[in-house]
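What follows is a short report on a single structure.
Where a number appears in this text, it was derived from the coordinates with a stated rule and is not lab data. It should be emphasised that the depicted structure is a prediction, and the values quoted were computed from it without experimental measurement. In this analysis, Cβ positions are derived from the backbone assuming ideal geometry, glycine residues included, and neighbour counts consider all displayed protein chains.
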Amino acid sequence: MGGGLLAGVLAPSVGWACACGCGVFDVATSSMFPTGEGAMPFFDYAYQNQSQNWSGTSRAPAANNDDKDIETHFLTFGLQYMFDRSWGAQIDIPYDFRHFKSADGTVSWNQLGDIRLRGIYTGFFADQSAGVTLGVKLPTGDFKFDPDVVDRDTQLGTGSTDLLLGGFYRDNIDKNQQWDWFAQLELDVPMLIQDQYRPGVELDTAAGIDYKGLSIGNVRISPIAQVIFSERTSDSGANSANPVASGYQRILLSPGVEIHLHPVKLYADAEFPVFQNFTGNQLAAPFMIKASLSWMF
């Protein structure tokens with residue numbers, strides 16, 4: 001069986017409530033899509049340091065933003081289980097570490113994040129080249145940590161119950177089946193909210209290619225290149241929402257590599273923004289990294 005369908009980074013969330021974009025970690029790669037039945041536990045790590053103030057499509061003076069730095073380490077423990085070649089399920093359990101510096105103070109904390117549950121269907125074609133997911137993000141993460149310093153869009157929990165809709169498709173490029181291309185997306189729509197705060201709707205998409213023709217002994221090495229697009233609408237609600245400084249569009253380039261020594265897979269990539277358009281003043285990260293380790297049964 002292949003690796004986790006959305007064992008993100010794309011990592012992220014994985015339910016991270018960061019207005020400057022954490023859900024991008026949710027998109028995966030074609031080499032991480034299901035290819036058979038069975039169980040796969042996985043562990044993901046992702047990191048970003050949001051240290052640059054942006055407004056619109058360019059960097060802006062740091063003095064324009066009371067938030068100065070958001071550094072986060074995202075850990076996700078998960079399990080994907082494909083009951084057969086058509087149906088499966090996945091659970092993602094995040095535990096995150098965040099350091100936040102603002103004009104109101106500096107705090108560091110760690111906690112359980114928002115758990116995600118997904119159902120998976122890959123029965124469209126015999127080779128499982130296409131699939132869809134339907135799931136829910138639960139409000140298991142705390143969204144009330146030190147509220148005098150930490151805004152709602154910087155909390156590790158969103159406080160919302162979200163509907164998750166996703167899909168993917170992959171195919172061979174050459175007749176030797178050494179080059180593949182893939183595309184995928186996930187839509188995160190907050191449905192039930194708490195304390196009159198509604199996070200923005202987020203869409204994360206990715207398209208890319210990978211090469212399967214490299215190996216050293218029994219170890220298969222697959223270089224991967226992706227283009228990632230993310231969009232999030234502005235937050236809303238009467239309590240602590242900041243619609244004039246939330247919401248964005250981003251395009252990122254992401255080189256990566258997967259190392260496969262059955263039954264273990266190790267995946268790592270870096271993500272570099274090449275276009276960013278932020279509403280108001282928001283903190284952005286100059287790069288993001290992630291890694292995923294999985295075992296297949």
field: Rounded, prolate or oblate (a/c below 1.5 giving rounded, otherwise prolate when a/b exceeds b/c) for region 179-297 by Cα gyration tensor
entry: prolate
query: Could you state the number of Å between the C-alpha centres of region 156-207 and region 234-297?
result: 12
message: Can you give the FRET efficiency to the nearest 0.05 for PHE124 and PHE43, using r as the Cβ-Cβ distance and R₀ = 25 Å?
response: 0.25
- prompt: Which order, highest average first, do 197-205, 98-106 follow once you tally other Cβ atoms within 10 Å for each residue and take the mean per peptide?
  reply: 197-205, 98-106
- request: Please compute the Cα-Cα pair-distance distribution of the chain with 5 Å bins starting at 0, giving whole percents from short to long.
  value: 1, 6, 13, 17, 19, 16, 11, 8, 5, 3, 1, 0
